Amino acid sequence: MRRNVDVLVLSDLHLGTYGCKATECLNYLNSVDPKKVILNGDIIDIWNFKKSFFPDKHMEILKVFMEWSTTRPVYYITGNHDDALRKYSDVAIGNLHLVDELEITMNGERYWFFHGDIFDASMNYAKWLAKMGGFGYDLLIRSNNGVNWMLNKLGRPKMSFSKKIKSSVKKAVKYISDFELTAAEVAIERNFDYVVCGHIHQPKVKKVRTELGEINYLNSGDWVENLTALEYQKGDWSLHHYEDQEYAEVEMIARWKQQQLARVSA
């Protein structure tokens, strides 16, 4: 049974990389039925794209988005890892819209959706350095996947290298705080009630207070480390965290359907 969701916001799937948790993401997508979908950047990781690596699960996720776009609006907001798409921005194919940012009004409140890389100094002044960092991040995630595989075999809980680094390094903590504050200040100056970002892989729903006033700050997180999505239902926002146990039945049903299709085609 799929859950009805008024608005679904996803970001930072990084399809085409080893770090993408495609199986978990696909399980989640198959569990919801959104009326509106906002993909807030870094959905396809063009920076690290390799012809030799784009698994079937990654393609299935794109197929879900395309199928959704036949019956409901789907907004693909460009990020830094898929910035090659920005030359095609403001193009619409049916219900599928490619944009660099999105402004909408819901329940009388103004929303500003954008990926967030515009606040990243390394993106604006040293793009090559940012790409090197992205490559190193992918290597870190790949090694982390290997360690977690071993921990799982030993019956030990998984761990996240990147989360430990971000929480322990003062500069990383300050960067996240500065990002949230900057996004809030700019949004307040532009008279928005909500600002919704991705980019920093830090899921959040909170109010940010600045010298200019107060605003609702939301971040959809990612599907590399946190496995989170923003859901809007009945006037309220919530962060949905993926849990393996929650989707065990969904995955079992999906496998059964695949087996039935294989038998029919055979």
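Every residue in region 217-241 that is over 16 Å from D33 (Cα atoms), modelled with pLDDT under 95 and not small (G, A, S), please. Selection gives V224, E225, N226. Residues of region 203-219 that are closer than 17 Å to Y111 by Cβ and over 16 Å from the mean Cα position of the chain (by Cα): K206, K207, V208, G213, E214, I215, N216. Does N144 count as at pLDDT 60 or above, within 30 Å of E214 (Cβ to Cβ) and polar (S, T, N, Q)? Criteria not met by N144.
Within region 49-59, identify whether any single residue is over 22 Å from V196 (Cα atoms) and in contact (Cβ under 8 Å) with a residue 40 or more places away in the chain, and answer yes or no. Before you say what the answer is, go through the steps one by one.
Step one: filter region 49-59 for residues over 22 Å from V196 (Cα atoms), giving 49-59.
Checking the rest, the ones that are also in contact (Cβ under 8 Å) with a residue 40 or more places away in the chain come to 58.
Yes: one or more hits.
If the condition is being within 20 Å of N80 (Cβ to Cβ) and of a type in the set (A, V, I, L, M), then region 185-226 contributes V186, A187, V195, V196, I200, L218, V224. Residues in region 199-231 that are part of a loop (DSSP other than H, G, I, E, B) and of a type in the set (F, W, Y): W223 alone. Restricted to region 61-93, and to residues there that are small (G, A, S) and not in a helix (DSSP H, G or I), the residue that is nearest to the chain's Cα centre (by Cα) is G79.
Scanning region 49-78 for residues that are buried (at least 18 other Cβ atoms within 10 Å of the Cβ) and more than 19 Å from L102 (Cα to Cα) returns H58, I61. Going by what's in this entry, would D178 be described as surrounded by fewer than 22 Cβ atoms within 10 Å (Cβ to Cβ) and closer than 19 Å to D117 by Cα? Criteria met by D178.
The values are calculated or read from the model by the stated rules, or taken from the named source; none is laboratory data. Since we're looking at a predicted model, the values are computed, not measured. With ideal geometry, Cβ positions are generated from the backbone for all residues, glycine too; neighbour counts draw on all protein chains shown.
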